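Data first, discussion second: the structure below is written as structure tokens.
The values are calculated or read from the model by the stated rules, or taken from the named source; none is laboratory data. Everything numeric here is computed off the predicted structure, so don't read it as measured data. Backbone-built Cβ (ideal geometry, glycine too); neighbour counts: all protein chains shown.
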Amino acid sequence: MSMKYKHWTLSREADGLAWLRLDKAGAATNTLAREVMNEFDGILAALESAPPAGLVIASGKEAGFIAGADIEEFTTLGSEQAVRELVGRGWALFNRLAAQKYPTVALVRGHCMGGGLELALACRYRVVVDEPGTRLALPEVMLGIVPAWGGMLRLPALIGPALALDLMLTGKGVDARKARRIGLADECVPPRVMDSAARMLALSPPPLRRPPFLARLLNGPLKAVVAARARKQVAARARREHYPAPYAIIDIWARHGGNALAVPASSPSSLESIFRSPTAKNLVRVFFLQERLKAWGKQAAQPVRHVHVVGAGVMGGDIAALCALRGLTVTLQDQSVERIAPAIARAAKFYQRKLRGDGKAVRFALDRLIADPRGDGVGRADLVIEAIFEDLDAKRALFAEVERRAPPGALLATNTSSLRIEDIASALQAPERLLGIHFFNPVTMMPLVEVVRGADTAGDALTRAAAFVRALDKLPLAVNSAPGFLVNAVLGPYMLEALRCVEEGIAPATVDEALLAFGMPMGPVELVDSVGLDIAVAAGKALAGDAAARAPQRLLDLVAAGHLGRKSGQGYYRWEHGKAVKAAPGSVPDGLAERILAPLLAAVQRCVDQGVVEDADLADAGVIFGTGFAPFTGGPLNFLRHGGFARRSGGSAALVEAAAVR
């Protein structure tokens, strides 16, 4: 017997087991919108009237379990009272689910995020399906909010507070096997037996698993100790004035039993304080910017399956390794096997780390990464990526040869960071085939990839390239060919201004502290050291022609002495074990952050005005995901639109105006 609702289907079987499947109408993924929650409330009432022998909650879609709350609805909340009502509804509903006397099982296949995981936590048991798409997380902190529907109560009680806080404070997810290992799931099973496993748990429920004694102790009498340690760890990564949510999570768990509704409105951890902070609004904005980048390339035909990479240096080798990890066949070309070998060795270490020592998966990934010194793979490739040194004549000669050997439908792409696509394409018989696919270093960590349109690049080539970038789980940003494209064009002036400040006698650590206090993930001087001082000089020459004459003398002197930054162990800082050794920053002069950021802000606006990117939103997305520009601001142009430094204490309106000059 089945009862069909708009979003849910409730089925009862002869043995008394009930199945409740969510298939949100008109949507590709399940989210817990108001209408979905209201129906669920009514279904629970019906089950209370005629209790089943057990209940299994599952998804009626192939695209995951539940992706979380409806973020679109969140953006329409217009008052603090509306926020309290939203939280109160979910808190009461999931408490009601947890209180049911019959066994309840969440059958999780695919993404189980935010409110979806909170619903699963309110069930008595959880079965997770062992396949790559299954992922469980409470990522609310990434949106500047807190998991307020029971996650802060139930997750620490289930797996212990240390691990639970780590997951909640970072938004990190776990796969199915880890979920079972840490006690978040009761069973981890392959898809073919998932229904049977859920049925057995519901109809023959085992005793509930209790966390170890130490975990119970830390979740009780020793809460204050755990909270103090967690606050210290969060403070090392984020300042409360920029990101209040992680501090609120700790306080709500430690002082209010995980119940956000119990926090007084006057507390900085209250729902009211979080709602009033611009951080949540800006981080939700960043979420939608990310979704916009993800959407590009979805309609592409002719998916890329075989990639040929020319150049086995750090960039080319890491691009090849990432492609092979994502299931693509990759041929990697350089002048000899000896030149390719270090890239293969680096890939093996990367796979060991990424695949958690799964020998079979590592072996399969390495099998897909093929050393190809003669370049035979060009003739079979769907996409050829050039990643050799930044020399125009060398790139032209290479692409003339590649065009002759590559299949007619193959995409041709350069990873150049500074040369014009049109200049490289001048060597081709069909310049419409060439575009830029510009990765950032380190390739495996940086989320953004610039997809660069030349004057003659075909539109379908751009769409196919964007689909390829998405297949690598990266974010494609459409940019037009221009010196430095977007990211390097805005980073260059920013780093140069920081080095000029050092030239004037301000200590590098002081310069970096000014920008860290603003909210940047890394100071600009440390960033130059990390990139490499020689690369900074070379990129400056390519982007500005006469940059060598404009470069600070200390930068040129360091390069001349062989002090190239992190890779040589000495630059503006001394480097030990991969970390910069810094002196105490001392007091930061007023206006220092404003001065250093002003050229970056002006450059972003200039890129919009010159059509390098389509609009200001894409510019903000590119600078956030390509440079790490403080996400809590919503992006550099959003920051300016909302008052910039004039809105912050001690801000300089004159510098804001200078940065906004078009």
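What is the residue count in the stretch 297-339 for residues that are of a type in the set (Val, Ile, Thr) and farther than 16 Å from Val384 by Cβ? Can you show your working first?
Taking the stretch 297-339 as the starting set, the residues that turn out to be of a type in the set (Val, Ile, Thr) are 304, 307, 309-310, 314, 319, 329-331, 337.
Those still in the list that are farther than 16 Å from Val384 by Cβ too: 314, 337.
Residues that pass the stated criteria total 2.
Please go through the stretch 355-389 and give me each residue that is part of a helix (DSSP H, G or I) and in contact (Cβ under 8 Å) with a residue 40 or more places away in the chain, ordered by number. Show your work before the answer.
So the first thing to find is which residues in the stretch 355-389 are part of a helix (DSSP H, G or I), and the list is 359-368, 376-380.
Of everything in the stretch 355-389, those that are part of a helix (DSSP H, G or I) and in contact (Cβ under 8 Å) with a residue 40 or more places away in the chain turn out to be Ala365, Leu366, Arg368, Asp376, Gly377, Val378, Arg380.
State all residues of the stretch 406-438 that are of a type in the set (Gly, Ala, Ser) and in a loop (DSSP other than H, G, I, E, B); if no residue qualifies, say none.
Within the stretch 406-438, the subset of a type in the set (Gly, Ala, Ser) is 406, 409-410, 413, 417-418, 425-427, 430, 436.
Passing the criteria: Ala406, Gly409, Ala410, Ser417, Ser418, Ser426, Ala427, Ala430.
Checking Asp456 against (1) assigned by TED's automatic domain parsing to the domain that holds Ala593; (2) part of a loop (DSSP other than H, G, I, E, B), only one condition comes out false. Which one?
So the condition that Asp456 fails would be (1).
Among the numbered criteria (1) part of a loop (DSSP other than H, G, I, E, B); (2) surrounded by fewer than 23 Cβ atoms within 10 Å (Cβ to Cβ); (3) without any contact (Cβ under 8 Å) to a residue 40 or more places away in the chain; (4) not hydrophobic (A, V, I, L, M, F, W, C), which one does Asn441 miss?
(3)
Condition (residue is assigned by TED's automatic domain parsing to the domain that holds Gly258, over 30 Å from Leu17 (Cβ atoms), of a type in the set (Ser, Thr, Tyr) and touching a residue at least 40 places away in the same chain (Cβ under 8 Å)) applied to the stretch 69-76: is it met by at least one residue?
Looking only at the stretch 69-76, we keep the residues that are assigned by TED's automatic domain parsing to the domain that holds Gly258, and these are 69-76.
Going one step further and asking which of them are over 30 Å from Leu17 (Cβ atoms), we end up with 71-76.
Right, trim to of a type in the set (Ser, Thr, Tyr) and you get 75-76.
Checking which are touching a residue at least 40 places away in the same chain (Cβ under 8 Å) leaves us with 75.
Yes.
Looking only at the stretch 569-611, which residues are hydroxyl-bearing (Ser, Thr, Tyr) and surrounded by fewer than 17 Cβ atoms within 10 Å (Cβ to Cβ)? Steps first, please.
In the first step, residues of the stretch 569-611 are kept if they are hydroxyl-bearing (Ser, Thr, Tyr); the result is 572-573, 587.
Once the filter is applied, which keeps residues that are hydroxyl-bearing (Ser, Thr, Tyr) and surrounded by fewer than 17 Cβ atoms within 10 Å (Cβ to Cβ), the stretch 569-611 yields only Ser587.
Table: residues versus (1) surrounded by 16 or more Cβ atoms within 10 Å (Cβ to Cβ); (2) within 26 Å of the chain's Cα centre (by Cα); (3) not hydrophobic (A, V, I, L, M, F, W, C).
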| residue | (1), (2), (3) |
| --- | --- |
| Val330 | yes, yes, no |
| Phe350 | yes, yes, no |
| Gly357 | no, yes, yes |
| Leu369 | yes, yes, no |
| Ala387 | yes, yes, no |
| Asp391 | no, no, yes |
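Hey, among Leu293, Leu261, Leu289, which residue is in contact with an Asp or Glu (Cβ under 8 Å, 6 or more places away or on another chain) and touching a residue at least 40 places away in the same chain (Cβ under 8 Å)? Before you say what the answer is, go through the steps one by one.
Working: Leu293 fails: in contact with an Asp or Glu (Cβ under 8 Å, 6 or more places away or on another chain); Leu261 fails: in contact with an Asp or Glu (Cβ under 8 Å, 6 or more places away or on another chain).
One residue alone meets the criteria, Leu289.
Just to be sure before I move on: is Met152 among the hydrophobic types (A, V, I, L, M, F, W, C), within 20 Å of the chain's Cα centre (by Cα), buried (at least 21 other Cβ atoms within 10 Å of the Cβ) and in a helix (DSSP H, G or I) in the structure I sent?
On the way: among the hydrophobic types (A, V, I, L, M, F, W, C): yes; within 20 Å of the chain's Cα centre (by Cα): no; buried (at least 21 other Cβ atoms within 10 Å of the Cβ): yes; in a helix (DSSP H, G or I): yes.
For Met152, the condition - among the hydrophobic types (A, V, I, L, M, F, W, C), within 20 Å of the chain's Cα centre (by Cα), buried (at least 21 other Cβ atoms within 10 Å of the Cβ) and in a helix (DSSP H, G or I) - is not met.
Considering each residue of the stretch 69-128, count those that are out of contact with any Phe, Trp or Tyr (no Cβ under 9 Å at 6 or more places or on another chain), in a strand (DSSP E or B) and hydroxyl-bearing (Ser, Thr, Tyr), and give that number.
1
Just checking, how many residues over the stretch 1-24 are under 20 Å from Glu62 (Cβ atoms), out of contact with any helix residue (DSSP H, G or I) (no Cβ under 9 Å at 6 or more places or on another chain) and in a loop (DSSP other than H, G, I, E, B)?
1
Taking the condition of being not in a helix (DSSP H, G or I) and not aromatic (Phe, Trp, Tyr), how many residues in the stretch 25-67 meet it? Give the steps one after another, and end with the answer.
First, pick out the residues of the stretch 25-67 that are not in a helix (DSSP H, G or I): 25-33, 50-67.
Filter again for not aromatic (Phe, Trp, Tyr), leaving 25-33, 50-64, 66-67.
Total satisfying the criteria: 26.
How many residues, within the stretch 603-636, are at pLDDT 95 or above, assigned to a helix (DSSP H, G or I) and more than 16 Å from Phe287 (Cα to Cα)?
Residues flagged as at pLDDT 95 or above, assigned to a helix (DSSP H, G or I) and more than 16 Å from Phe287 (Cα to Cα) within the stretch 603-636 amount to 7.
Residues in the stretch 402-416: is at least one farther than 20 Å from Glu614 by Cα, at pLDDT below 95 and either touching a strand residue (DSSP E or B) at 6+ places or on another chain (Cβ under 9 Å) or buried (at least 24 other Cβ atoms within 10 Å of the Cβ) (or both)?
Initial filter on the stretch 402-416 (farther than 20 Å from Glu614 by Cα): 402-416.
In the following step, the residues that additionally are at pLDDT below 95 were identified as 408-409, 416.
Adding the requirement that they be either touching a strand residue (DSSP E or B) at 6+ places or on another chain (Cβ under 9 Å) or buried (at least 24 other Cβ atoms within 10 Å of the Cβ) (or both) leaves 416.
Yes, the conditions are met somewhere in the stretch 402-416.
Yes/no matrix, rows are residues, columns are (1) among the basic types (Lys, Arg); (2) touching a Pro at 6+ places or on another chain (Cβ under 6 Å); (3) surrounded by fewer than 18 Cβ atoms within 10 Å (Cβ to Cβ):
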position: Ser277; (1), (2), (3): no, yes, no
position: Val286; (1), (2), (3): no, yes, no
position: His308; (1), (2), (3): no, no, no
position: Ala312; (1), (2), (3): no, no, no
position: Leu322; (1), (2), (3): no, no, no
position: Gly327; (1), (2), (3): no, no, yes
position: Gln333; (1), (2), (3): no, no, no
